[in-house]
1. I'd like to know how segment 12-94 sits against the 2.2 N^0.38 Å rule of thumb: what's its Cα Rg over that expected value?
2. Kindly sort MET1, MET39 by accessible area of their heavy atoms, largest first, with the probe set to 1.4 Å.
3. For THR80, tell me the accessible area in Å² from a 1.4 Å probe, rounded to the nearest 10.
4. Can you tally the lysine pairs in the chain where the Cα-Cα distance is under 27 Å and the two residues are eight or more apart, or on different chains?
5. Just to verify a number: FRET efficiency for ALA89 and GLU21, C-beta to C-beta distance, R0 = 30 Å, to 0.05?
6. So for ASP48, ASP13, ASP101, ASP64, what's the accessible-area order with a 1.4 Å probe, most first?
7. Might you tell me the accessible area per residue for the chain, computed with a 1.4 Å probe and given in Å²?
8. Between MET1 and ALA100, take the C-beta separation as r, use R0 = 35 Å, and let me know the FRET efficiency to the nearest 0.05.
Amino acid sequence: MIIERTRWVTVQDTRLTRLTEGKLVRIIVRKQPLAFVRMQGALRAMLDQCPHQGNPLSGGWVEDCHVVCPFHRFHYDPITGKSKHGSTANVPVYAVEETADGVRVGFPYTSISVFGYKLW
Ligand code: FES
């Protein structure tokens, strides 16, 4: 049986707690560059790599509830990762939890279980 799981990683960076509405910040988490954005009060995380040509999204801005890539202005939904115009692939997004202990980012992974035994 294939099981989709989430590995939670705590991010301790004061820039996240100070991040204001509509602003972006780039933070490396588990060797991956993530673009964090606060939108409608909630913190969102997406891979800081535009699917169009691989440039960082964190230098962009927020417009109509989308993150705008500063290079060719493609728009991405930070909740779903979908491209607004459908002209490129979607950008990977990650679950984010804000707790009293800090910010946690959920990285999805797949595991296989056979007769209740987890193989990996
Ligand atoms: S690199 Fe982002 S839109 Fe082209």
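The values are calculated or read from the model by the stated rules, or taken from the named source; none is laboratory data. Only a predicted model underlies this, so the values are computations on that prediction, with no experimental measurement involved. Methodologically, a virtual Cβ is constructed for each residue, glycine included, from the backbone with ideal geometry; neighbour enumeration extends over all protein chains shown. These area figures cover heavy atoms from the full protein model, side chains too; ligands, DNA and RNA do not enter into them. Shrake-Rupley method; radii C 1.70, N 1.55, O 1.52, S 1.80 Å.
1. In units of the 2.2 N^0.38 Å rule of thumb, it is 0.98.
2. Ranking MET1, MET39 by accessible area, largest first, yields MET1, MET39.
3. 70
4. Going through the chain pair by pair, I get 5.
5. Once rounded, the FRET efficiency stands at 0.65.
6. Highest to lowest solvent-accessible surface, that is ASP101, ASP64, ASP13, ASP48.
7. 60
8. 0.50
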